[in-house]
Amino acid sequence: MIRVIYFIILSYFILGAVGFFFINRKKGADEKRKSWIKYITYAIIIHILFFSIVINPFVFRVLAVFITGVGFYELFRLLQKSGRTALRFFLFSMVVYVLLSFGFLLFSGLDKGLILFSFLILSVFDSFSQITGQLWGRRKIFPKISPQKTWEGAIGGGLVAVLSALLFDFLIDRPGLRAVQLAAGIVVFAFAGDILASYYKRKYNVKDLSSLIPGHGGFLDRFDSLIAGGAWVACNELFLNL
């Protein structure tokens, strides 16, 4: 089973590489290099998280604690660099982040199949929303908050992710419709988490929260959608049971 899932992931990565090839055709050498660094770094991150889940979920829990902890550091660091401006906004942001982080940590302790299903949906949405957005994106969603986000990218990534739920529904032992509903919720919360992180950065007038991950910026730049999507799954499983 894990081997089949891994081959599906590799297939998605191949499609992604083809997409990046077409995206990079008209870019300069430096832009191409940065784009491929981002792609390769993303592939490494996906492999680390994937194997942490399938081999020993406890490792994924440790990574979840590490990710949220570094996220706290990045938020505080940006506040300090700003000279502690917009303090009220920071406190509100911290309340939101604490709630999402708590949900994400609860998520890391759920059933392995559910964690893997959610992680795969999040990864597919994240990667294909970028690819479809860069290939066909024209209409901006929130141009002042997240200039790179387009309706074409969000819809394209969302459709691929939700349809992928039908490939991975055996991981959660639920009928296809319920798997699609869960995946749709993951996509919505992942997108919202990304927008919230972008809004925070715009408030402090920075492009990235840090430069810890090559090609991606900070940990929250990379894992904001994972934290928010995971929090949704935990809330759904523990309280809503949809």
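The table below lists the values:
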quantity	calculated
Residue that is farthest from Gly218 (Cα to Cα) [pool: residues in region 29-42 that are in contact with a helix residue (DSSP H, G or I) (Cβ under 6 Å, 6 or more places away or on another chain) and open to solvent by 20 Å² or more (accessible area, probe 1.4 Å)]	Lys32
Residues (aliphatic (A, V, I, L, M) and either more than 19 Å from Ala197 (Cβ to Cβ) or in a strand (DSSP E or B) (or both)) located in region 138-156	Ile141, Ile155
Residue tally, condition of a type in the set (Gly, Ala, Ser) and either in contact with a Pro (Cβ under 9 Å, 6 or more places away or on another chain) or under 22 Å from Phe107 (Cα atoms) (or both), over region 64-94	4
Check on Leu159, open to solvent by 50 Å² or more (accessible area, probe 1.4 Å) and in a helix (DSSP H, G or I)	yes
Test for Ser146: is it of a type in the set (S, T, N, Q) and within 26 Å of Leu177 (Cβ to Cβ)	no
Residue in region 202-223 that is surrounded by the fewest Cβ atoms within 10 Å (Cβ to Cβ), counting only those that are part of a helix (DSSP H, G or I) and in contact (Cβ under 8 Å) with a residue 60 or more places away in the chain	Lys203
Close pairs (8 angstrom Cβ cut-off, 6 or more residues apart or separate chains): under 17 Å from Val59 (Cβ atoms) and open to solvent by 10 Å² or more (accessible area, probe 1.4 Å) in region 100-119, among the charged types (D, E, K, R) and not in a helix (DSSP H, G or I) anywhere	Gly113/Asp173
Residues within region 167-183 that are part of a helix (DSSP H, G or I) and either out of contact with any Gly (no Cβ under 8 Å at 6 or more places or on another chain) or under 30 Å from Gly83 (Cα atoms) (or both), tallied	11
Complete set of residues in region 69-123 that are of a type in the set (A, V, I, L, M, F, W, C), farther than 20 Å from Gly218 by Cβ and in a loop (DSSP other than H, G, I, E, B)	Leu110
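The values are calculated or read from the model by the stated rules, or taken from the named source; none is laboratory data. Worth saying up front: this structure is predicted, and the values here are computed from it rather than measured. Every residue, glycine as well, gets a Cβ built from its backbone with ideal geometry; the counts of neighbours run over all protein chains shown. Side chains are part of the model used for accessible areas, which takes the heavy atoms of the whole protein and leaves out ligands, DNA and RNA. Shrake-Rupley method; radii C 1.70, N 1.55, O 1.52, S 1.80 Å.
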